[in-house]
Amino acid sequence: MSTVKALGLKKTKALGLPQNNNDNEGQVEEVYKIKMTTPLDSGSANEKDMSKTQKGMIHERTYTFIVEDYIGKKPKSTNDINWELSYYDSDENAWLDLPISGKGERIDLVMQNIDTCGRYIKIRAYIHDKKNNAVLKIWKHNRFRWFNGSKLYGEVLDRIVKPYEINQDDTNTCGPSAIMYVFAKRFKREYTNFIINLHRKGYVEFNKYKIDISRNSDLRKISETNPLTAKYFPKNMAYSDWIPNTCITDQENGVFDFVGDNKEDFSAITLPSRLAKLAKDLLGFTDVQNNTNLVFNKTVGATVNDINELIDTKNQGYEVFMLVSMNILHNKVTTDLTATAEHWIVLEDVKLSSDPDFVELKLYTFGEAPTKVYKLSYDVFRTNYYGYVKAR
């Protein structure tokens, strides 16, 4: 029922139209129309058409709302005007109310509740009737507002079925990719929530690891990246991979800023100590050991021993993050004495080959299914192997 009918007003009187007499009996006070005076900003429309945008609010911005018109007479005291915010929670499949303490004909509302990100919200002003028509329905952007939510959600669903599709593309984020691969492989539901909440809310916490873009100016800048217009954005990298990889890489690098470009190298390096920290704090492993060497390969005259150590480690149930030179993926011996470790892979299987002086590996790297067998000579293995971080 409309507010006019509910209050028993004649339509002409309720809309403030001329009357044939001066009888004001029954005339009541109610808000009829409100207006937002702060301009909205563009962001992804989160639809199939990737180029489509929509206007919306941005988290932590301040928006001004005013009363434009009333039903009946204007209240004697504008402090009688109440305001209410509600948002649609898809998890609850319901509109949830949030209190607004401000009163009067104008309020300045700071959009600081992260649960309202990536949701439609309603702002209503009222005096008596909470179900009046003085309401505005407005979209509030995801924290990563330019990253299409529909696309990201589809990517996440793919990765909980095929975790190996996580791919750093041409960014130097192999360390976070290796961590996220194990995350998606072992903890599918938690991985899903981690990625979706990071994209929507800009805040996520799992085990002892937390990302909060509101408390980090670098991460706030990263969240404003537009993947469709950024000059050096890795065009083939999934949004569900770029967002966590970039946030983790920048957060864990206390010296250099990383913004997710495919032109950045040194600022994206994941040191063994940082990968071990992620295995503990994010993945929740309690038995984490670092057995790496950044400068010298690990197998000077002891190749078979190192291979047997890897076999034993896998048999004991550890996840094994191997530190290697990229030449190992191309079956090339590294002869350059200045070469160093440069890539993280996840070892899924290792065994001595039936051919003498060869080893066979199955591993995760660059979005490949860990079914391919890398048959490597001992020389290829030992000149490109720099140890491992193991975790269980």
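The values are calculated or read from the model by the stated rules, or taken from the named source; none is laboratory data. None of these values were measured; they are calculated from a predicted model. Reconstructed Cβ throughout: ideal geometry from the backbone, glycine too, with neighbour counts over all protein chains shown.
Answer yes or no as to whether Q27 is closer than 17 Å to N142 by Cβ, surrounded by 12 or more Cβ atoms within 10 Å (Cβ to Cβ) and either modelled with pLDDT of 95 or more or in contact with a Gly (Cβ under 7 Å, 6 or more places away or on another chain) (or both).
Criteria not met by Q27.
Where residues in the range 340-353 are over 17 Å from N172 (Cα atoms) and of a type in the set (A, V, I, L, M), which of them is farthest from the chain's Cα centre (by Cα)?
L352
Residues checked against (1) modelled with pLDDT under 95; (2) in a helix (DSSP H, G or I); (3) within 16 Å of the chain's Cα centre (by Cα):
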residue	(1), (2), (3)
C247	no, yes, yes
A279	no, yes, no
N290	no, no, no
N297	yes, no, no
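Restricting attention to strands (runs of 3 or more DSSP E) lying wholly within the range 317-392, give those where 1 or more residues are touching a residue at least 40 places away in the same chain (Cβ under 8 Å) and closer than 24 Å to D287 by Cα.
319-324, 343-352, 358-364, 385-391
So for the range 159-176 (the condition being touching a strand residue (DSSP E or B) at 6+ places or on another chain (Cβ under 9 Å), of a type in the set (K, R) and surrounded by 23 or more Cβ atoms within 10 Å (Cβ to Cβ)), does at least one residue qualify?
The answer is no, given that none of the residues of the range 159-176 is touching a strand residue (DSSP E or B) at 6+ places or on another chain (Cβ under 9 Å), of a type in the set (K, R) and surrounded by 23 or more Cβ atoms within 10 Å (Cβ to Cβ).
Those residues that are in contact with a His (Cβ under 9 Å, 6 or more places away or on another chain) and either of a type in the set (A, V, I, L, M) or exposed (fewer than 14 other Cβ atoms within 10 Å of the Cβ) (or both), I need them from the range 68-127; list them, please.
M111, Q112, I114
Please verify whether Y374 is among the hydroxyl-bearing types (S, T, Y), buried (at least 20 other Cβ atoms within 10 Å of the Cβ) and within 38 Å of the chain's Cα centre (by Cα), treating the condition exactly as stated.
When the stated conditions are applied, Y374 does not pass them.
May I ask you to list pairs of residues, at least six apart or on different chains, whose Cβ atoms are under 8 Å apart, with the first in the range 69-83 being on the phi > 0 side of the Ramachandran plot and the second being of a type in the set (K, R)?
From the range 69-83, the pairs are G72/K13.
Which residue pairs have Cβ atoms under 7 Å apart, sit 6 or more places apart or on different chains, and have a first residue in the range 300-315 that is at pLDDT below 95 and of a type outside the set (G, A, S) and a second that is in a helix (DSSP H, G or I) and surrounded by 17 or more Cβ atoms within 10 Å (Cβ to Cβ)?
Pairs found: T303/Y378; T303/F381; T303/R382.
With the structure loaded, tell me whether L219 is crowded, with 22+ Cβ neighbours inside 10 Å, assigned to a helix (DSSP H, G or I) and within 15 Å of the chain's Cα centre (by Cα) or whether it fails that test.
In short, no.
Would you mind telling me which numbered condition in (1) without any contact (Cβ under 8 Å) to a residue 40 or more places away in the chain; (2) among the charged types (D, E, K, R); (3) assigned to a helix (DSSP H, G or I) D97 fails?
Tallying (1) without any contact (Cβ under 8 Å) to a residue 40 or more places away in the chain; (2) among the charged types (D, E, K, R); (3) assigned to a helix (DSSP H, G or I), D97 fails exactly one: (3).
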